[in-house]
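Structure, as structure tokens:
The values are calculated or read from the model by the stated rules, or taken from the named source; none is laboratory data. In this text, all values refer to a predicted model and were calculated from it rather than measured experimentally. As a convention, Cβ positions derive from the backbone with ideal geometry for all residues, glycine included, and neighbour counts pool all protein chains shown. To get the accessible areas, we keep the full protein, side chains included, count just its heavy atoms, and leave off ligands, DNA and RNA. Shrake-Rupley method; radii C 1.70, N 1.55, O 1.52, S 1.80 Å.
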Amino acid sequence: MASGRNDPCPCGSGRKYKQCCLPNQERAEVRWRAWREAESAAVPAVMGFAADNWGEEFLTQAFEEFRSGSPDSSDPMTGDAWDQLFMPWLAFDFVPKPRWHQRRSASWPTTTLAEAFLGKHGLDLPPAVAQVLRAGAEAPLSFMAVTSVEPGQSIDLRDILSGDVHHVVERSASTSLRPGHVVLARVIADGDLAIMSGLGPIPLSPDSHQAVIGFREAVLRPRGPVNRLSVKARPPRSSCSTTDWFTRPCIRRLCVCRTPTATSWRRRRWSSR
């Protein structure tokens, strides 16, 4: 049961809740909401920037790269799948292959869309949105093992690939995830405040843990130290990171969908505002 403002503080200090821990908790809640709202605004803004500058051909090429190897489907991408799967991947991970530029009159970006958007509009963005884009561009989409959960409040994660540990504020997923679950997610942090982006709380099968370890040891370890930089690294002439080739089959098993159009791209952008 939640403590009332005039109840004794749960910390055991003997003071009233409103005079002890409540003010700090309220400030933390305001900060979390601002960071979450900035993340919700940042990705649609990047999508709109890409639609306006490079149009449907760019979107189609990116989506074909995203779903390469998956069977075609006549089912359109739903709102949740679009928001949780494709949009963050496109904003923070996808970079067009260099050979594609040779066939285009208008130059496509040579960085992630988030970095291209920041380069052109960064000074005009709200500081929190710009910081989300910078943090997202640096954060790898990786496999996280849930180590502990405070239901309705937070989740502790350990990146199986890099070994990094994260304490994320997560209201929804923390009610269903349990220690031992594995999730495919990107952790976007602002100092000591972190949230999940990307796939977020969709749990993968328990046997995925050993598969991720096998990938780490067979593919990443021989190339040198395994850390967030090497997990995010993009080999030459590739449109995505080495790790991305391993993560995308997991993504495809969660959602198989058809190529959207630039019109639907813009519609999703505006409806997200």
Provide, as a two-decimal number, the C-alpha radius of gyration of segment 1-69 over 2.2 N^0.38 Å, N being how many residues it has. 2.08
At a 1.4 Å probe radius, carbon and sulfur cover how many percent of the accessible area of segment 1-44? 52 percent
Given a 1.4 Å probe and every protein chain left where it sits, what share in percent of the accessible area of segment 133-229 is carbon and sulfur? 55 percent
What does the charge count around V212 come to, taking other residues whose C-beta lies under 12 Å from its C-beta (Lys +1, Arg +1, Asp -1, Glu -1)? -1
At a Cα cut-off below 18 Å, give the aspartates and glutamates reachable from K16, other chains included and same-chain residues fewer than 8 away excluded. D7, E26
